[in-house]
Amino acid sequence: MQPSNTMASDRKQYEQALRKWDSLQQAECFSVPDEIGRLAVIYSCHDFSHDETDIDTFQAEACHIQTLVEARGKATDVLAAATGNVLSDVIANPAYSSVITIGHGALSYLYVTNGKWKDNAGDRYDWRDVSLASTHLKTGVFMQRQCGNVTRRFSAPLGMFAMRSHAQVLAPSGCNFEPYGLSDVQNNLVVPVTHRSRLGYDDIKAAFSYEEFLTSRTDPCPPLLSW
């Protein structure tokens with residue numbers, strides 16, 4: 001059983017982040033509308049293989065997405081995340097209305113190479129870092145193209161506190177995610193993590209935990225960009 005002080009810490013941190021999110025909602029601090037906003041495609045420079053082949057794969061996928069999206073008239077930037085500061089800069093910039101992350105990770109975090117938010121010790125950029133970096137809420141979508149496994153006893157999805165609605169976060173919840181290109185059937189695993197606009201602590205604990213491990217899944221929907 002998880003120690004009670006850890007559980008209290010999870011609840012305290014999540015409810016603090018949720019209060020900030022609620023205050024941004026009430027103040028109507030939003031990004032530009034998604035119709036005119038930019039898409040940030042962020043690929044991680046964390047490479048488990050140590051020979052940069054993973055990074056090359058992540059970069060190629062990011063550039064492919066950029067080509068497809070820009071062909072439809074949406075401005076897109078491909079950004080290499082060697083540190084979490086790259087993610088924080090995007091999250092804080094209201095010109096970006098949508099975000100896609102690509103790399104190794106889990107439902108709650110993306111691995112980065114040299115530390116996380118403001119170069120604190122560690123190699124995971126997680127939902128708490130997103131909350132700390134947020135200055136507004138984004139109007140588009142936050143697509144997590146990394147494994148969606150629930151690896152913590154409290155596994156809030158990475159992008160929740162960047163978005164105007166929690167239903168705007170898409171991820172392969174509870175699944176490994178290793179697609180061979182954008183036409184791979186695994187892309188259909190990337191679905192909304194919820195259909196509700198706001199999830200409290202108990203909602204997250206019930207849906208994203210070791211005990212439940214997502215016994216119920218959201219209904220499949222078409223991939224975000226319909227590639």
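The values are calculated or read from the model by the stated rules, or taken from the named source; none is laboratory data. These numbers were taken from a predicted model, which means no experiment stands behind them. Neighbour counts are summed over all protein chains in view; Cβ atoms, including those assigned to glycine, are modelled from backbone coordinates with ideal geometry. Only protein heavy atoms, including side chains, enter the accessible area calculation; ligands, DNA and RNA are left aside. Shrake-Rupley method; radii C 1.70, N 1.55, O 1.52, S 1.80 Å.
A few notes on this one:
- Condition met for THR76 (closer than 26 Å to SER209 by Cβ, modelled with pLDDT of 95 or more and β-branched (Val, Ile, Thr)): no
- Within the option set SER173, SER183, SER197, being open to solvent by 20 Å² or more (accessible area, probe 1.4 Å) and in contact with a Ser or Thr (Cβ under 8 Å, 6 or more places away or on another chain) holds for one residue only, SER197.
- The residue pairs whose first member lies in the stretch 19-35 and is more than 14 Å from PHE161 (Cα to Cα), whose second member is exposed (fewer than 14 other Cβ atoms within 10 Å of the Cβ), and whose beta carbons are closer than 7 Å, counting only pairs six or more residues apart or on different chains, are VAL32/ALA95.
- Output for the stretch 20-37, where each listed residue is more than 25 Å from ILE102 (Cβ to Cβ) and open to solvent by 70 Å² or more (accessible area, probe 1.4 Å): GLN26, GLU28
- In the stretch 92-107, the residues that are under 16 Å from ARG124 (Cα atoms) and in contact (Cβ under 8 Å) with a residue 60 or more places away in the chain: ILE102, GLY103, HIS104, GLY105, LEU107
- Selection from the stretch 43-74 of residues that are open to solvent by 70 Å² or more (accessible area, probe 1.4 Å) and over 19 Å from ALA95 (Cα atoms): PHE48, HIS50, ASP51, GLU52, ASP56, THR57, GLN59, HIS64, THR67, ALA71
- Among the residues here, ASP77 qualifies as open to solvent by 20 Å² or more (accessible area, probe 1.4 Å) and assigned to a strand (DSSP E or B).
- Filtering ALA82, ALA17, ALA92, ALA40 for residues that are surrounded by fewer than 18 Cβ atoms within 10 Å (Cβ to Cβ), among the small types (Gly, Ala, Ser) and closer than 16 Å to PHE142 by Cβ leaves a single hit, ALA92.
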